[in-house]
1. Suppose the filter is within 16 Å of the chain's Cα centre (by Cα), surrounded by 19 or more Cβ atoms within 10 Å (Cβ to Cβ), closer than 18 Å to Ala124 by Cβ and touching a residue at least 60 places away in the same chain (Cβ under 8 Å); does Thr109 pass it?
2. Given the condition crowded, with 16+ Cβ neighbours inside 10 Å, of a type in the set (Val, Ile, Thr) and in contact (Cβ under 8 Å) with a residue 12 or more places away in the chain, answer yes or no: does some residue in region 60-71 qualify?
3. Assuming Arg82 fulfils every condition listed in (1) part of a helix (DSSP H, G or I); (2) modelled with pLDDT of 85 or more apart from one, which condition is it?
4. Of these, Asp44, Asp118, Asp27, Asp7, which one is loosely packed, with under 14 Cβ neighbours inside 10 Å and under 27 Å from Thr129 (Cβ atoms)?
5. When you check Ile36 against the structure, is it within 27 Å of Thr129 (Cβ to Cβ) and at pLDDT 90 or above, yes or no?
6. Might you let me know whether region 10-32 holds any residue that is at pLDDT below 90 and either over 15 Å from the mean Cα position of the chain (by Cα) or charged (D, E, K, R) (or both)?
7. Anything in region 76-94 that is under 17 Å from Asp27 (Cβ atoms), buried (at least 18 other Cβ atoms within 10 Å of the Cβ) and not aromatic (Phe, Trp, Tyr)? List them, or say none.
8. Within region 10-24, restricting attention to residues that are surrounded by 13 or more Cβ atoms within 10 Å (Cβ to Cβ) and among the β-branched types (Val, Ile, Thr), which residue is farthest from Val77 (Cα to Cα)?
Amino acid sequence: MVTLLLDQTQLEVVLSPIERAAAFHRDNLRIERSAITKVQLTDDAWTWLRGVASPGTHIPGVLAAGRWKSARGEDFVFIRRRKPSVIIDLEGLEFDRLVLTTRHGLALTQALRLDVSDALEDVADIAATAAIPVQPKQKRRKPAVRPA
């Protein structure tokens, strides 16, 4: 799975050498934070896939990686099996959308809401150390036992 690094100005999608080979992409992706318009979480990224790989790797249900072209624009995709993923809509960049399998999607959405340091940090570390308000769970009340 890809690694997501974030600082005040950019999101960096770090690809391993094997991921780069599968995606036919030489470098990590660097996305300006101001270009991110929407972030969505999904359990099945395959439903978000549009167009054809050009260039890229596609093994249906197993792996989709690389640049995907469609009538609506170009996406960068890295999907593995049916694992949790994040869809990042972009504006004014080479890609219109990123569709990435990562277990840190929730951490990314939380980290994007926070002020972060100047140095690139893993989004999971940012979300883990930040004070993020969480609503307490409601206690379930047991039904009252009434005599017959």
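The values are calculated or read from the model by the stated rules, or taken from the named source; none is laboratory data. From a predicted model like this one, the values you see are computed outputs, not experimental measurements. Virtual Cβ from ideal backbone geometry, glycine too; neighbours counted across all protein chains shown.
1. Details: within 16 Å of the chain's Cα centre (by Cα): yes; surrounded by 19 or more Cβ atoms within 10 Å (Cβ to Cβ): no; closer than 18 Å to Ala124 by Cβ: yes; touching a residue at least 60 places away in the same chain (Cβ under 8 Å): yes.
When the stated conditions are applied, Thr109 does not pass them.
2. No, every residue in region 60-71 fails to be crowded, with 16+ Cβ neighbours inside 10 Å, of a type in the set (Val, Ile, Thr) and in contact (Cβ under 8 Å) with a residue 12 or more places away in the chain.
3. (1)
4. Working: Asp44 fails: under 27 Å from Thr129 (Cβ atoms); Asp27 fails: under 27 Å from Thr129 (Cβ atoms); Asp7 fails: loosely packed, with under 14 Cβ neighbours inside 10 Å.
Criteria check complete, one pass: Asp118.
5. yes
6. no
7. Val77, Leu90
8. Selected residue: Val14.
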